[in-house]
Amino acid sequence: MSYFWTLLIYGVLVGALYGLVAIAFALIYKVSRVINFAQGEMMMLVAYIAYSIALVTDGNLYIQIATIIAASVVIGAIIERVIVRPMLGRSTFSIVMLTIALAVFVRAFVGLFWDTDSHRYPIAVGGEMVSIFGVTFLVSQLVLLAIFFATCIGLWAFLKYTIAGIAMRATASDPAVTMLMGISVKRLYSIAWVISAVISGMAGVLYANIYHVGPSIGSIGTRAFPAAILGGLDSVLGAGIGGIIIGVVENLAGGYIGSGYKEIAGFVVVLIVLMFRPYGLFGERQIERV
Amino acid sequence: MRTRTFKQTYGELTRLLPYSSSWTWYVALLAALIALPLVGPTYVSTFVLLILSAAVGAIGLNIVTGSAGLISLGHAGFLAIGAYTTAILTTDYGFDLIPTLVIAGLVSAASSLLVGIPSLRLKGLYLAITTLAFSIIVTQLIVEAEWLTGGSIGKAVTRTTVFGYPVRSTISIYYIALGVLVLTIFGALNLLRSRVGRAWMAIRDYDTAARMMGINLVQYKLFAFAVSAFLTGVAGGLSALYVRYINIDGFTLIVSVEAVAMILVGGLGSVRGAILGAIIITILPDVSRWLMNTMFRSVFVLPAANSQEIKGIIYAVMIILFLRYEPDGLAARWAVIKRFWSEWPLGKARG
């Protein structure tokens, strides 16, 4: 197996994680035109909650899954209802600043309630190695990849076929008209935040399962920005593809140029792509009427 | 009775300060600031020095974000460029301080083209993330360029000379910072009241319309970034001078966030707002430490290791409350209070 292919495949695996987070970004942006800078911190919070529950319940897998979903739903709903909704109608800039403050808050809260060290995730499902075409994977990495594809397909179907999904697309194109059609846009915002919290919560736990539980989970949120931007902020599937691309580019840069450049490769790519396509690769171009 | 709105000539509209009596107050304030290190304790003037250099940076950010409406989350990058340029010039080459600060600003302004050019096509949050990307790239490149910047270890800053006189104490830095801030305020006020400032505001309010009015978007957007980066670079240079040892950890994303918090809390687009915001955000950590020590100690004992987290929580809650309940910033509140008292007893308390 050549060096190149190894880098490429591991890039895809990292990219799947970025992709999940980027999808969570894109969903909120698509519906409400807000970027949630606290996404990484939400991941971290869910991962820590799951970690604590796993310690108590001997790592029962089903309790784990239930905890992750319940915690994410509650966190997403509370943040939307208490923090974001009262700010609706304010400038985007203020709301974004609000989510940044929220990120600082959650980070500090986690540090206070748990600690700032790294821990091994107690259940670590899929710690076994498998070898496919000469590349060795952890089973948990394959689980991550499977969940990534399942999320992409599931969300695509949700947006295309369900009433709520169609209403979301309608809100994305014109919130005022959607409201006039008798759709509760507020409830849609709430749904979007909850779905996005569940996706990022899953991503957080998957990261924790492969690597460790620690404050570094929060920085995955920042690293996933290029993915969301590359795909186009309002394109949910584009964000997933953007994640894969950024993961591969980072890994190749890290492998061929130097490990320090791994950190910034994604940002450089985004800076270049945006010069030519200001709305990302798959984003919708906004036409302004004067 | 004086009113805030009645202007008879164009000259009155574009005056630097609205009333000649204001000059008296500002000169008095300046005199007080000059006298402060001579009469007050050193820690107070060190503290004011922090505020002075933060104010220079905040005015810089407010030009690009508040006046020209181009959101920047990357000002930590410009700050880092200014600080490292200062460190390299003074420590390695023994430059005089004044030219060093000017060069630091110019290098930073030149680097602003990197984000200025994408900003011609990007809007809103896309631009915010691009500037964020810029600052992350800058800090990583500084770590990589070890031969120049000391890499992740950091770099000591020598306080060299001002016009040949050696700089020894923090007090000298204080006076330099005060001078820089006064120049910055005059420069910013002049830019904002003139053709350039009006063009920026037109771009902020509606760029397509501004373009139809004959405003050259390329020129003015790049100029806004360049002026802003220049001031932020100078602020970075000042901070390097009093910190005396710079490290890349001092220029993380949180610094950009603090800068944005300053102008949001103070008030977008106004010089006074930037200064008020710089004061509030700079003293906030110390106020929260004080609150912690006085209020919480009696209720329950907290381990010292957690003070950082509690500071973070108080800081975040303050920003959330400000955004929620004082969205126009302190500058607007200031105007309301001032009008209330100048029209007393006829005015009403809310604007």
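The values are calculated or read from the model by the stated rules, or taken from the named source; none is laboratory data. The structure presented is a predicted model; accordingly, all values stated were derived computationally and were not measured. Positions of Cβ are backbone-derived with ideal geometry, glycine not excepted, and every protein chain shown enters the neighbour counts.
Values as computed for the structure displayed
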quantity: Residue within region B:110-118 that is more than 14 Å from every other protein chain (Cβ to nearest Cβ) and out of contact with any Cys (no Cβ under 7 Å at 6 or more places or on another chain) present; calculated: yes
quantity: A:Ile100 vs. criteria under 27 Å from B:Ile254 (Cβ atoms) and either assigned to a loop (DSSP other than H, G, I, E, B) or away from chain B (no Cβ under 14 Å) (or both); calculated: no
quantity: Residues of region B:181-221 satisfying the condition of being surrounded by fewer than 14 Cβ atoms within 10 Å (Cβ to Cβ), farther than 22 Å from B:Ala58 by Cβ, without any contact (Cβ under 8 Å) to a residue 60 or more places away in the chain and not charged (D, E, K, R); calculated: B:Thr208, B:Ala209, B:Met212, B:Met213, B:Gly214, B:Asn216, B:Gln219
quantity: Residue satisfying condition, being among the aliphatic types (A, V, I, L, M), surrounded by fewer than 24 Cβ atoms within 10 Å (Cβ to Cβ) and modelled with pLDDT of 90 or more, within set A:Ala26, A:Ala70, A:Ala22; calculated: A:Ala70
quantity: Condition met for A:Thr116 (of a type in the set (Val, Ile, Thr), surrounded by fewer than 17 Cβ atoms within 10 Å (Cβ to Cβ) and in contact (Cβ under 8 Å) with a residue 24 or more places away in the chain); calculated: yes
quantity: Selected residue [farther than 16 Å from B:Ala229 by Cβ, modelled with pLDDT of 85 or more and not basic (Lys, Arg)] from B:Leu97, B:Leu125; calculated: B:Leu97
quantity: Any hit, region B:81-95, residues being within 14 Å of another protein chain (Cβ to nearest Cβ) and either under 30 Å from B:Tyr206 (Cβ atoms) or assigned to a helix (DSSP H, G or I) (or both); calculated: no
quantity: Candidate set from region B:222-248 (those that are surrounded by 24 or more Cβ atoms within 10 Å (Cβ to Cβ) and among the aromatic types (Phe, Trp, Tyr)); member that is nearest to B:Val167 (Cα to Cα); calculated: B:Phe230
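Per-residue answers, yes or no, for (1) closer than 16 Å to A:Leu20 by Cβ; (2) modelled with pLDDT of 85 or more; (3) within 19 Å of the chain's Cα centre (by Cα):
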| site | (1), (2), (3) |
| --- | --- |
| A:Asp234 | no, no, yes |
| A:Gly238 | yes, yes, yes |
| A:Ile241 | yes, yes, yes |
| A:Ser259 | no, no, no |
| A:Gly283 | no, no, yes |
| A:Arg289 | no, no, no |
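Residue-wise test of (1) basic (Lys, Arg); (2) within 16 Å of A:Ala26 (Cβ to Cβ); (3) buried (at least 20 other Cβ atoms within 10 Å of the Cβ).
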residue: A:Phe149; (1), (2), (3): no, no, no
residue: A:Trp156; (1), (2), (3): no, yes, no
residue: A:Leu159; (1), (2), (3): no, yes, no
residue: A:Ile163; (1), (2), (3): no, no, no
residue: A:Leu180; (1), (2), (3): no, no, no
residue: A:Ser184; (1), (2), (3): no, no, no
residue: A:Arg187; (1), (2), (3): yes, no, no
residue: A:Ala192; (1), (2), (3): no, yes, yes
residue: A:Ser196; (1), (2), (3): no, yes, yes
